[in-house]
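Since the structure comes first, as structure tokens, the remarks are kept for the end.
The values are calculated or read from the model by the stated rules, or taken from the named source; none is laboratory data. Keep in mind that what you see is a predicted model, and the values were worked out from it rather than measured. Please note: Cβ atoms are built from the backbone with ideal geometry, for glycine as well, and neighbour counts cover all protein chains shown.
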Amino acid sequence: MSKKALLLFLFLVSFRLLPQIDSGKSLQFENNGNFRIGLSYDPLPALEPLNIKPEFPKPDYLLLGGLGTAYLGSIAAIHLYQSNAWWSGRTGKFRVIEDWDYALWVDKLGHFYSPVILAHGFSVGLEAAKVDYGTGIWISSAAALLFQLYVEVYDGFAQDWGFSTGDAVMDVAGAAYPVLQYYYPVLYNFHPRFSYWPVKLGKEGHNPGQNLIVVDDYEGQKFWLSMRVNNLFGKGFEKIWPDFLMLSVGYGVRDLDGRGGGKSDFYIALDLDYEQIPLYGSFWQMLKNSFGFIKFPMPAIRINNGVAFFGFAF
């Protein structure tokens, strides 16, 4: 047999050994020892489509009932406090007021931060009750907003106060922030935080019968926005900035006189990223997320008609 015939024979045999698939073609041999070149087309049978139905855990309705009871109880407790501290005066027709600069804006920051923290608390409960995370974000934010607006509406009937459009706008913004973080994850790099050191806690307020609690002790409050520097500026920044450090800007007030006077303080401070703590699991993650709303005491610079350095600002 010549070399050319041998090569042709091997070539044809190799075609015979190829698998016959849907898009492939093979050579056919006759049984009498002779061979002929032909094409065949043997498709595989079509696969049946998989009908997979994902199963989601059913919500824990007993726990949801407990959360609802706690929610209503919290509203009742706030109502009792507000009735004694803020609504004890004359009531009348609903009215709207503009008080954006009340307490030098620290009150408005509080109205932004409060629904953010409330929404987190509600979402933790909903997650424990096995509610879908995305659905839980919407429900918890809506519940936080209703909680805040309930107080605003009652303020509207108090003749010494009124429905504050500034408060309502900041309530809506704060309740919307967790939803925006869910849809725009880059916002998780901007974390609202709060710190408090008692200044007038328990003292009599400007309203008769009012003893100040934490939310009314404006001079003891500071509101912060802590940022994950490396996530925002890229990996090249990691050479000079450790992952566990955040950069925070803050605001606080002093010497409020109840008539619009006082001093505003701005802060630039370091902060800790609790996500970098090497503790893992759902419980530890919940704790890290919850403590993530509290500003850790760290070195800071206060700016107010000059610059002052603090070893620890809280």
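Give the residue that is surrounded by the fewest Cβ atoms within 10 Å (Cβ to Cβ), with candidates limited to residues of the range 89-118 that are hydroxyl-bearing (Ser, Thr, Tyr) and farther than 10 Å from Gln159 by Cα. First the steps, then the outcome.
Residues of the range 89-118 hydroxyl-bearing (Ser, Thr, Tyr): 91, 102, 113-114.
Narrowing further to those that are farther than 10 Å from Gln159 by Cα: 102, 113-114.
Values: Tyr102: 17, Tyr113: 21, Ser114: 20.
Of everything passing the filter in the range 89-118, Tyr102 is surrounded by the fewest Cβ atoms within 10 Å (Cβ to Cβ).
If you check Gly236, Gly250 for being among the small types (Gly, Ala, Ser) and over 26 Å from Trp100 (Cα atoms), only one passes: Gly236.
Only residues that are outside any helix (DSSP H, G or I), under 30 Å from Leu67 (Cα atoms) and among the basic types (Lys, Arg) were counted in the range 93-133, giving 1.
If the condition is being outside any loop (DSSP other than H, G, I, E, B) and in contact with a strand residue (DSSP E or B) (Cβ under 8 Å, 6 or more places away or on another chain), then the range 72-92 contributes Ala85, Thr91. A single member of Leu187, Leu201, Leu225 is in a helix (DSSP H, G or I) and either within 17 Å of Asn289 (Cα to Cα) or at pLDDT below 95 (or both), and it is Leu187.
Val172 meets all of the listed conditions (1) under 17 Å from the mean Cα position of the chain (by Cα); (2) crowded, with 18+ Cβ neighbours inside 10 Å; (3) at pLDDT 95 or above but one, namely (2).
Report yes if Gly166 is loosely packed, with under 15 Cβ neighbours inside 10 Å and either at pLDDT 90 or above or within 30 Å of Gly258 (Cα to Cα) (or both), otherwise no. Can you show your working first?
Working: loosely packed, with under 15 Cβ neighbours inside 10 Å: no; either at pLDDT 90 or above or within 30 Å of Gly258 (Cα to Cα) (or both): yes.
Against the criterion (loosely packed, with under 15 Cβ neighbours inside 10 Å and either at pLDDT 90 or above or within 30 Å of Gly258 (Cα to Cα) (or both)), Gly166 does not qualify.
Checking the stated criteria, Ser248 turns out to be over 30 Å from Ala76 (Cβ atoms), of a type in the set (Ser, Thr, Tyr) and either assigned by TED's automatic domain parsing to the domain that holds Trp87 or in contact (Cβ under 8 Å) with a residue 40 or more places away in the chain (or both). Every condition in (1) in contact with a Lys or Arg (Cβ under 8 Å, 6 or more places away or on another chain); (2) more than 18 Å from Leu109 (Cα to Cα); (3) basic (Lys, Arg) is met by Lys222 except one, and the failing one is (2).
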